[in-house]
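*Asks:* Please find one structure pasted underneath; my questions will follow.
What follows is calculated from the coordinates using simple rules that are stated; it is not laboratory data. Nothing here was measured: the structure is a model prediction, and the numbers come from that model. Here Cβ is always computed from backbone atoms with ideal geometry, including for glycine, and neighbour counts include all displayed protein chains.
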Amino acid sequence: MPTAEQTLDEILNLAAAHFKVPREKLSPDDDFFKTLGIDSLQTLDLLTKLENHFRVELPDYELQGVNDFRTLASKIQVRL
Amino acid sequence: MLDLRQYTCLGAALRAALDRFSKEVCLIEAERDREKLRLTYSDFKEVALPLARALEDADFDPNDRTAIIMTNQSKWLISAYAVFYCGGVLVPLDYKLSPAEHLQLLAHSKAKVLVVEYHLWRAMMADPGFDRIGTKIVLVTEAPLGTDLAGAFRWEDFKRKGAPDFVMREKDDVACIVYSSGTGGRPKGCVLTHENYLEQCRSLTAWYPFWPGVRYLSILPTNHAIDFMVGFIGPFVCGACVVHLRTLRPEFVRDAFVRYRITYVSLVPMILKNLERGLRAKFDELPSWKRTLLNSMIALNRALTRSRPNVKLSRMLLGNIHRGFGGELLALITGGAFMEPSTMQFFYDLGIPVVNGYGLTEAGTALTLNDLKPFRADTVGKPLPGVELRILKPDGQGIGEVAVHSKTVMSHYLDDPELTLETIVDGWLLTGDLGRFERHGHLQLFGRKKNMIVTEGGKNIYPEDIETVFDGLTVKEYAVFAGNYIWPRKELGREALLLVLRLEQNQKLETSLLADISARNRKLPDFKRIGGYIVWDKDFPRTASMKIKRQILAEEIGKAVDNSAVKEL
């Protein structure tokens, strides 16, 4: 099982690839709505990508109130 | 459909529908691509009546209030019907509010019963204000067996055998209390009667009827006035089917259109734009000859449907696109927020009409709708049957405040006679929205008089409701405003909130203060955040009770500086 830091790193890589932004522009505590300039539906799109990658399933409500990569990673990590 | 003139209350109309359409499917519930539940009207009745009986046995009296805090799902509608069956009043609350906000509105509405999903109840139990909850009976859906629910019942177990007594209500009796805003300051609980809903349903279905076989995809939250009407009451009294999808993931929404051959769906701009983005990306991937062919088919469809939609023809010309939407889609319904005309035109040109409308919670669901005769992307349509609209104090361009007189207008604001008197004057509801009628009788909207914004997700955000997040900020005083309220402009869209800061004498705008503001801002859901700030150099005007005189302050700021003074946060 990957460590929490590895999970976080993979999420940042996937988000950078998905939204076509340089990886170095993203950091764990970024407000991804602001950094990526995305709305909540686009966030759900990203979540689907992450679920497929990590082979987990997260209900939509788990994402309510989550706006940084670190918290998102912790939600995924507990399901690995 | 039922002749709604025969009924005095929603409970009676729904009860008749369950008998009349007993063999038709009324509800489908899917979790992503997995169908979880399918109920006929007869099945629905079988599930709802034992719940109604259990409520009766728990001393639930007519007029008792039941709050529902749930995402869109079958138990929402089943619970609502059981409440109406017992003569109760429904209080649909927005599930996206915070636990503290839920507790606040539960207290304000004095709900005796609460129906809530497990994950939301768990969050409420963890809130510091949970001890003060006054709700007597709490029914929690989908709670794992054996979990400590702090005295609440599992919804699935809360049922009794035996026929419950149906409680008939009169037209003037209260059906629902719907909060249009006010979690931070002054809760605005719109008290809506059975007549409000029955009249709204009649006028909407006169233009856009449902019938057995229609499948309505319910995506907007059911607590929202639009989905409550067109995703529950409307389809049910016509024998149609409501499809609940328990996710808003775009890929599963797209899949649901096809899987369930959806006829109608209501969408907010954010979702429609997401669909548009997806389609445009697919078009861009086409080889150039296919793209050229597609463009010519779109142009042909546009030319042939200029005066009115012709769905059969559009399905022939643009078959692949229509099959992508299930092949039976008749229209996308939109309202509740500003929709870019270009997005609506994009879909119309593909042969998928977007029915744009205008309404507000205080006046039921919709006041105007586009009748598609012809399609107009630049208006919000014509007044529905039974709706009278006036433009108050029109300026030289005919633009003024929109006022409404209709049987769909709410009775009053709950426990706020002062606000009710300000809002309903001589039987006319003052909407706070600015509009004018063009020569064909269509309403065009041009902005707002009121201090609020509407997001692309269809959320009404009142500045007062989010100010508490800045409590304790180390400045002399502050206030949140809608940008439009300070600098009125005669257009909608791209609305933003801003923070007005009044610093202490000799205080400088330090980086640490801005960092504090940003951190607090992030605690808000993304759609409630402020976009910028402005430093104001005078004390705020206040009333004798020290409330900020917002209108005067906004006027002072608006006169002194223009919106280029706003600094991005």
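*Asks:* Per residue of A:38-44, count partner chain C-beta atoms within 10 Å of its C-beta, then hand back the mean as an integer.
*Replies:* Values: counts 1, 9, 8, 13, 4, 1, 8.
Mean partner shielding for this stretch: 6.
*Asks:* Please give the charge dipole size of chain B, origin at the Cα centre, charges +1 on K and R Cβ atoms and -1 on D and E Cβ atoms. Round to the nearest 20 debye.
*Replies:* 1700
*Asks:* Each label point is 7 Å from the Cα along the Cα-to-Cβ direction; what then is the distance between the points at B:Glu170 and B:Asp57, in nm?
*Replies:* For B:Glu170 paired with B:Asp57, the spin-label model returns 3.3 nm.
*Asks:* What does the C-alpha gyration tensor say about the overall shape of region B:10-259? Classify as rounded when a/c is under 1.5, otherwise prolate if a/b is larger than b/c, or oblate.
*Replies:* Since a/c stays below 1.5, the shape of region B:10-259 is classed as rounded.
*Asks:* Of all DSSP beta bridges located in chain B, what percent are antiparallel, nearest 5?
*Replies:* Antiparallel: roughly 55 percent of the beta bridges in chain B.
*Asks:* Can you tell me, using C-alpha contacts under 8 Å and at least 6 residues apart, the relative contact order of region B:371-423 as a whole percent?
*Replies:* 22
*Asks:* With a sphere of radius 14 Å drawn around the Cβ of B:Leu553, what net charge do the other residues whose Cβ falls strictly inside it have (Lys, Arg +1; Asp, Glu -1)?
*Replies:* +1
*Asks:* Rounded, prolate or oblate: which fits region B:461-568 when a ≥ b ≥ c are the square roots of the eigenvalues of the alpha-carbon gyration tensor, with rounded for a/c under 1.5 and prolate only if a/b beats b/c? The partial results should precede the final answer.
*Replies:* Numbers: a/c = 1.35, a/b = 1.07, b/c = 1.27.
Verdict is rounded for region B:461-568.
*Asks:* Taking a quarter of the surface of the convex hull around the Cα atoms of chain B, what do you get in nm²?
*Replies:* On the way: hull surface 112.6 nm².
It is 28.2 nm².
*Asks:* How would region B:268-448 be classified by its alpha-carbon gyration tensor: rounded, prolate or oblate, with rounded meaning a/c under 1.5 and the a/b versus b/c comparison settling the rest?
*Replies:* Cα axes put region B:268-448 in the prolate bin.
*Asks:* Here's something else I'd like to know. What number comes out for the charge environment of B:Met229, summing +1 per Lys or Arg and -1 per Asp or Glu over other residues with Cβ under 13 Å away? Numbers along the way, then the final one.
*Replies:* Values: positive: B:Arg202; negative: B:Glu199, B:Asp227.
With Lys, Arg at +1 and Asp, Glu at -1, the neighbours total -1.
*Asks:* Here is a further query. Which residue, B:Leu39, B:Ala16, B:Ala54, has the largest displacement toward the positive end of the dipole of region B:1-57 when charges sit on each Cβ (Lys, Arg +1; Asp, Glu -1)?
*Replies:* About the Cα centre, the residue reaching furthest to the positive side is B:Ala16.
*Asks:* Going by C-beta contacts inside 10 Å, put B:Ser296, B:Ser98 in order with the fewest on the left.
*Replies:* B:Ser296, B:Ser98
*Asks:* Which whole-number percentage describes the relative contact order of chain B, with Cα contacts under 8 Å and a sequence gap of 6 or more?
*Replies:* Here the relative contact order equals 11 percent.
*Asks:* Another one. Based on a Kirkwood Rh over C-alpha pairs, give the Stokes-Einstein translational diffusion coefficient of region B:1-127 at 4 °C and viscosity 1.567 mPa s in µm²/s. Before the final figure, lay out the partial values.
*Replies:* Working: Rh = 15.7 Å.
Calculated translational D: 82 µm²/s.
*Asks:* What ranking of A:Arg55, B:Arg436, A:Arg79, B:Arg65 emerges when the number of other C-beta atoms within 10 Å of each C-beta is taken as an exposure proxy, fewest first?
*Replies:* On the way: A:Arg55 8, B:Arg436 18, A:Arg79 12, B:Arg65 22.
In order of increasing Cβ crowding within 10 Å: A:Arg55, A:Arg79, B:Arg436, B:Arg65.
*Asks:* Sort the following peptides by mean Cβ neighbour count (other Cβ atoms within 10 Å, averaged over residues), highest first: B:118-125, B:408-415.
*Replies:* Output ranking for B:118-125, B:408-415: B:408-415, B:118-125.
*Asks:* Using a cut-off of 12 Å between beta-carbons, work out the net charge of the residues near A:Pro59 (Lys and Arg +1, Asp and Glu -1, A:Pro59 not included).
*Replies:* -2
*Asks:* Let me ask another. How large is log10 of I(q)/I(0) for the protein assembly as shown at q = 0.06, 0.08, 0.09 Å⁻¹ when the intensity is taken from the Debye formula with one equal scatterer per alpha-carbon?
*Replies:* Once normalised to I(0) and log-transformed, intensities are -0.34, -0.62, -0.80.
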